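Notes to accompany the following structure.
Derivation of every value follows stated rules applied to the coordinates shown; laboratory data play no part. All values reported here derive from a predicted model rather than from experimental measurement. FYI the Cβ positions are ideal-geometry reconstructions off the backbone, even for glycines, and counts take in every protein chain you see.
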Amino acid sequence: MPFAGKLVSEFNINVAAEKFYKTFKDGCMHLPTISPKFIKQVEVHEDGKAEVLKEQVEFDDEKLMVKKIGLEGDALDHYKTIKFVYQVVPKSRKHSLLILTVEYEKLDDDSPHPYKYIDIMIGMTKDMESHMNY
């Protein structure tokens with residue numbers, strides 16, 4: 001029987017919430033420059049193996065939330081559905097709480113939990129934080 005689950009990671013970043021969200025929304029074409037370890041065009045790099053994932057991206061300006069829904073690609077070899085959610089919560093003028101979520105449904109019991117994807121999300125957001133504070 002397929003297993004549905006959710007992985008969540010929360011941590012503080014030293015960037016204003018609106019600035020972080022705007023970079024994701026309006027500057028996503030710059031992600032390969034900001035985070036080349038993880039993103040190169042439409043390829044995600046993990047352990048030297050390139051993966052491709054075509055996504056539908058939804059923005060919620062009120063909640064400062066970005067949802068990326070997997071449509072096709074390598075991740076869907078293991079998951080019936082997979083969704084990546086980035087939400088940034090203002091804490092002060094220059095500090096925010098970042099909530100990263102991976103929602104998924106495995107194809108079968110042998111499919112791995114998507115820990116590597118939450119690790120990629122954390123790595124990308126740390127790269128973005130460094131870039132914005134440079």
* Are there trypsin sites (Lys or Arg not before Pro) in the range 84-134 that DSSP puts in a loop and that have at most 14 other Cβ atoms within 10 Å, and which ones? -> R93, K94
* **FRET efficiency estimate (nearest 0.05) - Cβ-Cβ, N133 to K80, R0 35 angstrom** => 0.35
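By how many nm would the segment from I122 to V52 grow when fully extended, if each residue of separation counts as 0.36 nm and the alpha-carbon distance is taken off?
Values: separation 70, 0.36 × 70 = 25.20 nm, distance 1.83 nm.
Additional length available on full extension: 23.4 nm.
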* To do: Apply the Karplus parameterisation 6.51 cos²θ - 1.76 cosθ + 1.60, with θ equal to phi minus 60°, to every residue of the range 84-101 and state each ³J(HN,Hα) to the nearest whole Hz, in sequence, with x for glycine and proline.
  => 10, 10, 10, 10, 10, 10, x, 10, 7, 4, 10, 9, 9, 9, 10, 10, 10, 9
* State which entries of K54/K94; K19/K80; K54/K91; K22/K106; K19/K106; K25/K94 exceed 28 angstrom in Cα-Cα distance in the structure shown. => K54/K94; K19/K80; K54/K91; K22/K106; K19/K106
* Asked: Counting only residues 5 or more places away or on other chains, whose amide H sits under 5 Å from the amide H of L107 once H atoms are built in the peptide plane?
  -> Y79, K80
